[in-house]
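So the structure is just underneath, and the comments pick up after that.
The values are calculated or read from the model by the stated rules, or taken from the named source; none is laboratory data. Here the structure is a predicted model, which is why all the values come from computation and not from measurement. Here the Cβ is made from the backbone with ideal geometry for all residues, glycine too, and neighbour counts use every protein chain on show.
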Amino acid sequence: MTQTDDKPAVQIASLNKWYGAFHVLKEVNLTIPSGSRVVICGPSGSGKSTLIRCLNGLEAYQQGTVTLGTIELGANARETVLARRQTGMVFQSFNLFPHLTVLSNCTLALRRVLRMPRNEAESLARHFLEKVRIPEQATKYPAQLSGGQQQRVAIARALCMNPRLMLFDEPTSALDPEMVKEVLDVMTGLAHEGMTMICVTHEMGFAREVADQVVFMDQGSIVEQASPVAFFSTPNHPRARSFLNTLLH
Amino acid sequence: MSVLEIWLGILQGFRVTALVTLYGLVFAIPFGLIFGVAQHLTTGPARFVVTSVIEFWRSSAVIILLFVFYYALPLAGLALSAMTVSAMVLGLNIGGYASQAVRAGLQALDRGQKEAGHALGLSRSTILLRIELPQALVAMSPTFINQLIQLVKATSLVSLVTLTDMTFRAKEISQIEYDPVPIYTSLLLAYFIVCYPVALFGRWVERRINPAREARRAV
Ligand SMILES: Nc1ncnc2c1ncn2[C@@H]1O[C@H](COP(=O)(O)OP(=O)(O)OP(=O)(O)O)[C@@H](O)[C@H]1O
Ligand SMILES: [Mg+2]
């Protein structure tokens, strides 16, 4: 996505998606300015994962448009591939490639997609492994790392492709409590560097500190969208209020 | 005839047994890979065609296919050598089984592997070659070794289309000697001596090509 300052990083317009007869995303509209951080929260099954998976082509949708920078997804195959390549994604279950070392996990796309020479790709990968604070694990296999370390590798792997936008789908939900912080710290660091980020997370401390918008979803719709301060102090929607209550207790 | 002479007699057939196995693999490996992957990737009518070809080779009786291809095809003007027919029939039969292991290995992978590949911008073919197949083939390697052993044993059928393999030699010797017990016991041992190292080799391969799993075990 070639970015001009007046173009938002992400523009979702009248997005509708069905699984068979089940209307999973209902008339979703969302604009995300370049450099901003959006936290999406909501009860289980509300469509959070489905929504962010629509932003990088992992899910198809039946109505509406998703525009990343200047590229409307699906309008032009070559541009769609490019937009996708510039969108990094971090999954709840890490999804590292278990048969490849940490370093090879990070260099695979650099070499196969960008055709970067091996040593150039490796030094770039090492740079990002350092950034997520695990340079010493480069030659290990994912199974030899803790969950928190694996998730940081997944972040480094995505960053290697120099994304304009990072998507996170509950990146800390599969982690033991003591590892949540190390991952959130890396994400906070990214936010401070100005990365455009969309995070599905229930880490409300992170949302307060980092987000400039909180989006609350319920039953496939965005029912509330506010600054973190407003959302946490005076949620408007009754379902947002009861959701926050369950999180606090 | 001494036991040593029986052994030497049977060993004369070893070359043919080994050749049928090797040429059989030349058919089995590409067939198993291509059709297993094709079954994984195709849908609808294309998948039906792929599945039909696999099922033909997997579900037909090898012995009948040997006869049909060796004795009936020449009537249709297509004469293949006994070695070609044997390697093809045995190879594609085992390849049919192998294709199912390939497909099962691919389908057993977590869907997140493919998604992570897509999210990184990898092409479908790169995902297949660099992410899915390496994992599926490693996971299925014990099955492939089993199938290799089955192939070796199945070569004993080629004596029916005039190839002088170990089984054919044993039959010849027993027609001269009228003493089947030591002869067929020796033959039994001969197949074991060929197959057991294959099994050992299989275990070694498994350890070699699976550094991630070994590393996990070492932790
Ligand atoms: N492939 C699918 N086929 C049919 N229904 C699906 C499929 N994937 C998800 N759904 C349904 O769509 C709804 C939204 O799912 P989604 O995973 O987006 O929810 P979520 O908000 O991410 O929930 P969670 O917090 O549990 O991750 C759920 O009701 C789910 O059961
Ligand atoms: Mg989800």
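For A:R126, state whether it is surrounded by 23 or more Cβ atoms within 10 Å (Cβ to Cβ), over 25 Å from B:A139 (Cβ atoms), free of Cβ contacts under 8 Å to residues at least 60 places away in the same chain and among the charged types (D, E, K, R). Give the steps one after another, and end with the answer.
Details: surrounded by 23 or more Cβ atoms within 10 Å (Cβ to Cβ): no; over 25 Å from B:A139 (Cβ atoms): yes; free of Cβ contacts under 8 Å to residues at least 60 places away in the same chain: yes; among the charged types (D, E, K, R): yes.
Here the answer is no, as A:R126 does not meet what is asked.
Of these, A:A207, A:A230, A:A191, which one is in contact with a Pro (Cβ under 8 Å, 6 or more places away or on another chain) and surrounded by fewer than 23 Cβ atoms within 10 Å (Cβ to Cβ)?
Checking each option against the conditions leaves just A:A207.
Given the structure, is B:R130 surrounded by 22 or more Cβ atoms within 10 Å (Cβ to Cβ), of a type in the set (K, R) and either out of contact with any helix residue (DSSP H, G or I) (no Cβ under 8 Å at 6 or more places or on another chain) or within 20 Å of B:L41 (Cβ to Cβ) (or both)?
no
Being more than 16 Å from ligand 2 (Cβ to nearest atom) and within 14 Å of another protein chain (Cβ to nearest Cβ), is that true of even one residue in region A:48-58?
Yes, there is a match, as at least one residue in region A:48-58 is more than 16 Å from ligand 2 (Cβ to nearest atom) and within 14 Å of another protein chain (Cβ to nearest Cβ).
Got a sec? Which of A:E79, A:E130 is assigned to a helix (DSSP H, G or I) and either within 16 Å of ligand 1 (Cβ to nearest atom) or closer than 26 Å to A:I12 by Cβ (or both)?
A:E79
Given the conditions (1) surrounded by 13 or more Cβ atoms within 10 Å (Cβ to Cβ); (2) aliphatic (A, V, I, L, M); (3) modelled with pLDDT under 95, report the number of the one that B:L106 does not fulfil.
(3)
Out of everything in region A:224-247 that is touching a Leu at 6+ places or on another chain (Cβ under 8 Å) and over 16 Å from A:V210 (Cβ atoms), what residue ends up being modelled with the highest pLDDT?
It comes out as A:Q225.
For A:R85, state whether it is within 11 Å of chain B (Cβ to nearest Cβ), modelled with pLDDT under 95 and under 22 Å from A:L108 (Cα atoms).
So A:R85 passes the test.
Would you mention how many residues in region B:117-147 are basic (K, R) and at the interface with another protein chain (Cβ under 10 Å from one of its Cβ atoms)?
Adding up the residues that qualify gives 1.
More than 8 Å from every other protein chain (Cβ to nearest Cβ) and assigned to a loop (DSSP other than H, G, I, E, B): does that describe A:L114?
Yes; evaluated as a whole, the condition is true for this residue.
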